[in-house]
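A quick write-up on the structure given underneath.
The values are calculated or read from the model by the stated rules, or taken from the named source; none is laboratory data. All figures in this text were calculated on a predicted structure; none of them were measured in a lab. Cβ sites come from the backbone with ideal geometry, for glycine too, and all protein chains shown count toward neighbours. These accessible areas exclude ligands, DNA and RNA; they are computed on the full protein's heavy atoms, side chains included. Shrake-Rupley method; radii C 1.70, N 1.55, O 1.52, S 1.80 Å.
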Amino acid sequence: MVSINIPDSLLGSFAFYSAVVLSKTMAMSLLTAFKRIKNSIYANPEDAATVRKPVVFNNETVERVRRNHLNDLENVLPFVLLGGLYLLTGPAAGTALWHFRIFAASRIAHTISYQLALPQPSRALTFFVGLSVNASMAYRILSSLSQFA
Amino acid sequence: MVSINIPDSLLGSFAFYSAVVLSKTMAMSLLTAFKRIKNSIYANPEDAATVRKPVVFNNETVERVRRNHLNDLENVLPFVLLGGLYLLTGPAAGTALWHFRIFAASRIAHTISYQLALPQPSRALTFFVGLSVNASMAYRILSSLSQFA
Amino acid sequence: MVSINIPDSLLGSFAFYSAVVLSKTMAMSLLTAFKRIKNSIYANPEDAATVRKPVVFNNETVERVRRNHLNDLENVLPFVLLGGLYLLTGPAAGTALWHFRIFAASRIAHTISYQLALPQPSRALTFFVGLSVNASMAYRILSSLSQFA
């Protein structure tokens, strides 16, 4: 039977940092809505009808937020899923905590780099730091649980 | 050590409503496939080859379902993740249950508004109700677990 | 109170196969980056500026990986969420294990079919196998927990 052995504080840290990055991800919805309304850029005819405009799919200001949002879905959602499974492998609390902190910091820096269009490789670096945290947790899960394949 | 204190019935409600909204999300895959086949609209050359047609990326009927599906990924997946973490904070059962019910209802209403192209602000309202449920759960997690940051 | 009744080995199998399919999903990020760099195809002006080229949004080689990645988000992320909730319903260990194995195999086969552009219905078959596993788990959750609606 399950004998999960996770300190309360580590589970709390995981939940806290997960909520941070999920909130950041959902904030992209609000930013998209704000930029759509401000610039009257809509993808649905019934939305564009409210300002009597045609639909527009290639506005750079709006599309930049949407690319950022999709990148969050590709990285933040796997982080929360892998993070929860990683806790089941009984990692050292300090190691796990720094995985969560570094990931959260990397995704906030990624968003700043993306929305300010900072010169590369600033955004690329923040992206690979976050991906490395996910890869590290995935490796730990795969290597410590391979007997259950 | 973990002393999770979640009533069985609340965990059951969370699992039930999560399965409802995840099933609704996956139904968009079937709807996309149905509309692609019915209208012979394909994005991959090897798919379009089966009906000897060129690829098409801008069919409004198909793209409307795809936008709906992406909106589900942006909202439904965070709901399930935040919902599970929210249960760890020991919310009142009635409060939590109504979070789950309102979210599920809002996303079903969102899909109906989207696919019938109902005049705004119908879809916008359903969207913001769902986002508010997610924001409320995220706020609860962040405020009650900030000592573990 | 929660009396989760999941064998350690089944939870381990779930975590293992979840990490397999999440790693496969994240590998699409690296494949996208590789193809973007190799072909100098960038969606952001600040990225394209590094090779003094204009932005390009319709390169088939890059877009094929991106469609594959989005299909993973639509299927793999619901799998991990439904899989975790499905374990709460106390499924037979052998039944659950084969759900996880078949899903993982179907998504690896899906990626191979997609990236090699194999003639249909090869990719469609792999897709529907994975969707059927998710549907089966969702049905089990909905039917066994309906009293908590």
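So, in segment C:70-91, of the ones that are open to solvent by 10 Å² or more (accessible area, probe 1.4 Å) and among the polar types (S, T, N, Q), which residue ends up farthest from A:A124 (Cα to Cα)?
C:T89
What single numbered condition from (1) crowded, with 16+ Cβ neighbours inside 10 Å; (2) within 30 Å of B:P45 (Cα to Cα); (3) hydrophobic (A, V, I, L, M, F, W, C) fails to hold for C:L30?
Going through the list (1) crowded, with 16+ Cβ neighbours inside 10 Å; (2) within 30 Å of B:P45 (Cα to Cα); (3) hydrophobic (A, V, I, L, M, F, W, C), C:L30 breaks only (1).
One line per residue, one yes/no per condition, for (1) among the polar types (S, T, N, Q); (2) out of contact with any helix residue (DSSP H, G or I) (no Cβ under 7 Å at 6 or more places or on another chain); (3) facing chain A (nearest Cβ under 10 Å):
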site: B:N75; (1), (2), (3): yes, no, yes
site: B:P78; (1), (2), (3): no, no, yes
site: B:L81; (1), (2), (3): no, no, yes
site: B:L88; (1), (2), (3): no, no, yes
site: B:G94; (1), (2), (3): no, yes, no
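When you check A:V21 against the structure, is it modelled with pLDDT of 95 or more and hydrophobic (A, V, I, L, M, F, W, C), yes or no?
Answer is yes for this residue.
When you look at B:T25, is it out of contact with any strand residue (DSSP E or B) (no Cβ under 9 Å at 6 or more places or on another chain) and buried (at least 22 other Cβ atoms within 10 Å of the Cβ), yes or no?
It is true that B:T25 is out of contact with any strand residue (DSSP E or B) (no Cβ under 9 Å at 6 or more places or on another chain) and buried (at least 22 other Cβ atoms within 10 Å of the Cβ).
Give segment C:34-69 a look and list any residue that's facing chain A (nearest Cβ under 8 Å), crowded, with 16+ Cβ neighbours inside 10 Å and among the hydrophobic types (A, V, I, L, M, F, W, C), or say none.
C:A43
Among the residues of segment B:123-145, which ones are open to solvent by less than 60 Å² (accessible area, probe 1.4 Å), more than 9 Å from chain A (Cβ to nearest Cβ) and either in contact (Cβ under 8 Å) with a residue 60 or more places away in the chain or under 17 Å from A:A33 (Cα atoms) (or both)?
Within segment B:123-145, B:T126, B:G130 qualify.
Test A:N68 against the criterion of being among the polar types (S, T, N, Q), within 30 Å of A:L131 (Cα to Cα) and not in a helix (DSSP H, G or I), and give yes or no.
no
Anything in segment C:102-143 that is more than 22 Å from B:T50 (Cα to Cα) and modelled with pLDDT under 95? List them, or say none.
Matches in segment C:102-143: none.
Which of the residues belonging to segment B:1-22 are surrounded by fewer than 18 Cβ atoms within 10 Å (Cβ to Cβ) and facing chain C (nearest Cβ under 7 Å)?
Passing the criteria: B:I4, B:N5, B:P7, B:D8, B:S9.
For segment C:23-32, what are the residues that are within 8 Å of chain A (Cβ to nearest Cβ) and of a type in the set (G, A, S)?
Passing the criteria: C:S23, C:S29.
Any residue that is facing chain C (nearest Cβ under 10 Å) and closer than 22 Å to A:A27 by Cβ - is there at least one of those in segment A:97-115?
Checked segment A:97-115: at least one residue is facing chain C (nearest Cβ under 10 Å) and closer than 22 Å to A:A27 by Cβ.
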